[in-house]
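Undergrad: The structure is given below, and queries will be raised subsequently.
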Amino acid sequence: MQMDKIDVKIMKELFTDFVMPPSSASVRRSFRSIAKSIKIDQHAIRNRIRKLQEQGVIKRWYIVVNPALFGLKTALLQFFLPASSNKDEIMQSISSSFPNMGFLCNHLEPKLIVILYYKESKDLDDDVDKLMKITNATYLNKMTKLFTECGAKLTESDWNIISSLLQDPWKPYSAISKELKISSKTVKRRVEALARDGAVYLLADVNMRAVEGIVPVDLIVFYERGTNSTLKEKTRLKITEYLGDQLLIFDPNLAPEMDHFGLILTSVSKSQEIQKWVSEKEGVKQSDISTLLDVSPRLKLYEELVDDMIRQQQSTKYIEAELKRP
């Protein structure tokens, strides 16, 4: 699909707020707020987003639950593959071998990103060993903690609301109310609280290959070991000013001595120019830039985790009731 300037602005909004990793929690951002951000009538926004869906650019909307609510930690693993790798075969093997995988990201370059959820460091180490054998990777970047911490205590009703949203993120509050037998007002209040606390995120499953005119790119900057904070902040400022409107997401300190910049470019060739410029900045050891092709979420995982949590809540409730019986 060929996109005009307005479509590009809309896609930038979607990439900023609705694409993994989430920069902020959101469940139901209105068309009005998107329209206000890019100064276009909200009805025009609604029609254009509908067109993007009809054309297959936006494949679907889905809910992601903060893994911290299940006592899980998050790791982003970037694998650098041999140039001759069969990526399709490798991705299929990863998808079938890691039920704790949240996302699998494919890049134009011989690179893959796997986002795993884990409980203990040993579990992650074992998974990394398995992935290194599957990918035969020549190099690995390991980054932990993608999601914000979430200290919210969720009730059984909260988990039931999340379960309903997993089936349809845009389900009317009135329908959820009827389904769960609680008021629409309560549903709306709890959904807003879940988003505010960073418990749930609304993301868009975007078909990168269906879009012409924009190129989503990840830029990772590695700083020299021991670079002082003053120099690092100065270099960050130069980079963000240089990137300008191309910059969508800035995640400082993604890992020790490492920053992440999410970009939207107009051509692949532009990425090499950016990488060269950034690599020459003071305090920068090296930079890595990758063109994002696909982000594949493991949606079934969230459904299973939420179902388990609901069963635990019901079991606890039953035991407590039994203990109170005379």
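The values are calculated or read from the model by the stated rules, or taken from the named source; none is laboratory data. These numbers were taken from a predicted model, which means no experiment stands behind them. Positions of Cβ are generated from backbone atoms using ideal geometry, with glycine treated the same way; all protein chains shown enter the neighbour counts. These accessible areas exclude ligands, DNA and RNA; they are computed on the full protein's heavy atoms, side chains included. Shrake-Rupley method; radii C 1.70, N 1.55, O 1.52, S 1.80 Å.
Undergrad: Can you tell me the relative contact order of the chain? Whole percent, Cα pairs under 8 Å, sequence separation 6 or more.
TA: Numbers: 494 pairs, mean separation 83.0, N = 326.
The value is 25 percent.
Undergrad: Something else now. With the other protein chains left in place, how much accessible area per residue, in square angstrom, belongs to the chain at a 1.4 angstrom probe?
TA: On the way: 16680 Å² over 326 residues.
Accessible surface, normalised per residue, equals 51 Å².
Undergrad: Related question: Report in % the part of the accessible area of the chain that belongs to carbon and sulfur, leaving out ligands and nucleic acids; probe 1.4 Å. Kindly include the intermediate steps, with their values, before the conclusion.
TA: Numbers: 8260 of 16680 Å².
In the chain, the share of accessible area belonging to carbon and sulfur is 50 percent.
Undergrad: Let me ask something additional. How high is the relative contact order of segment 67-215, in percent, with contacts defined as C-alpha pairs under 8 Å that are six or more residues apart? Write down the numbers at each step before the final one.
TA: Values: 154 pairs, mean separation 39.1, N = 149.
So the answer I get is 26 percent.
Undergrad: Tell me which GluC sites (Glu not before Pro) from segment 35-131 have a DSSP coil assignment and no more than 10 other beta carbons within 10 Å of their own.
TA: Details: sites: GLU54, GLU89, GLU120; in loops: GLU120.
Those satisfying the criteria are GLU120.
Undergrad: Right, here's the next one. Could you size up the charge dipole of segment 176-242 around its Cα centre, putting +1 on the beta carbon of Lys and Arg and -1 on that of Asp and Glu, and report it in debye to the nearest 20?
TA: Working: 13 positive and 9 negative charges, 97 e Å.
Around 460 debye, computed over segment 176-242.
Undergrad: From the protein chains alone at 1.4 Å, what is the descending order of accessible area for TRP61, TRP277, TRP170, TRP159, largest first?
TA: On the way: TRP61 40, TRP277 70, TRP170 100, TRP159 5 Å².
Most to least solvent-accessible, the answer reads TRP170, TRP277, TRP61, TRP159.
Undergrad: Quick one: helix 87-97 against the long Cα principal axis of the chain, what's the angle to the nearest 10°, folded into 0 to 90?
TA: Orientation of helix 87-97: about 30 degrees from the principal axis.
Undergrad: Another one. Please go through segment 250-300 and write out the GluC sites (Glu not before Pro) that DSSP classes as loop and that have at most 14 other C-beta atoms within 10 Å.
TA: Values: sites: GLU257, GLU273, GLU280, GLU282; in loops: GLU257, GLU280, GLU282.
Sites meeting the loop and neighbour criteria: GLU280, GLU282.
Undergrad: Which of the following values of semi-axes √(5λ) of the Cα gyration tensor in Å was calculated from the structure shown: [x] 30, 24, 17; [y] 43, 21, 19; [z] 35, 26, 19?
TA: [z]
Undergrad: If the cut-off is 24 Å between C-alpha atoms, which lysines fall inside it for LYS51, apart from same-chain ones fewer than 8 positions away?
TA: Counting by Cα, and skipping residues close in sequence, LYS51 has these lysines nearby: LYS5, LYS9, LYS12, LYS36, LYS39, LYS59, LYS171.
Undergrad: Taking the Cα centre of the chain as origin, sum charge times position over the Cβ atoms of Lys and Arg (+1) and Asp and Glu (-1), and report the length of that vector in debye to the nearest 20. List each step's numbers first, then the result.
TA: Values: 48 positive and 43 negative charges, 251 e Å.
Charge dipole of the chain: 1200 debye, to the nearest 20.
Undergrad: So, one more: Could you compute how much accessible surface GLU304 exposes when probed at 1.4 Å, giving the result in Å² to the nearest 10?
TA: Ignoring ligands and nucleic acids, GLU304 comes out at about 90 Å².
Undergrad: Output the pairs from LYS130/LYS300; LYS238/LYS270; LYS119/LYS145 with a Cα-Cα distance over 20 Å in this structure; if there are none, say none.
TA: Listed pairs above 20 Å: LYS130/LYS300.
Undergrad: Okay, next question. Per DSSP H run of n ≥ 4, the term is -39500 (n - 2.57); total these for the chain, divide by its residue number, and report the mean residue ellipticity at 222 nm rounded to 500 deg cm²/dmol.
TA: Numbers: 11 runs with 146 residues, N = 326.
Calculated at 222 nm, the ellipticity per residue is -14500 deg cm²/dmol.
Undergrad: DSSP loop (so not H, G, I, E, B), at most 13 other Cβ within 10 Å: list which trypsin sites (Lys or Arg not before Pro) in segment 107-167 pass both filters. Can you show the working numbers first?
TA: Details: sites: LYS111, LYS119, LYS122, LYS130, LYS133, LYS142, LYS145, LYS153; in loops: LYS119, LYS145, LYS153.
Taking segment 107-167 and a limit of 13 other Cβ atoms within 10 Å, the loop trypsin sites (Lys or Arg not before Pro) found are LYS119, LYS153.
Undergrad: When only the heavy atoms of the protein chains count and the probe is 1.4 Å, how do GLU303, GLU212, GLU149 rank by accessible area, highest first? Walk me through the numbers before you get to the answer.
TA: Values: GLU303 45, GLU212 100, GLU149 135 Å².
Heavy-atom accessible area, descending, gives GLU149, GLU212, GLU303.
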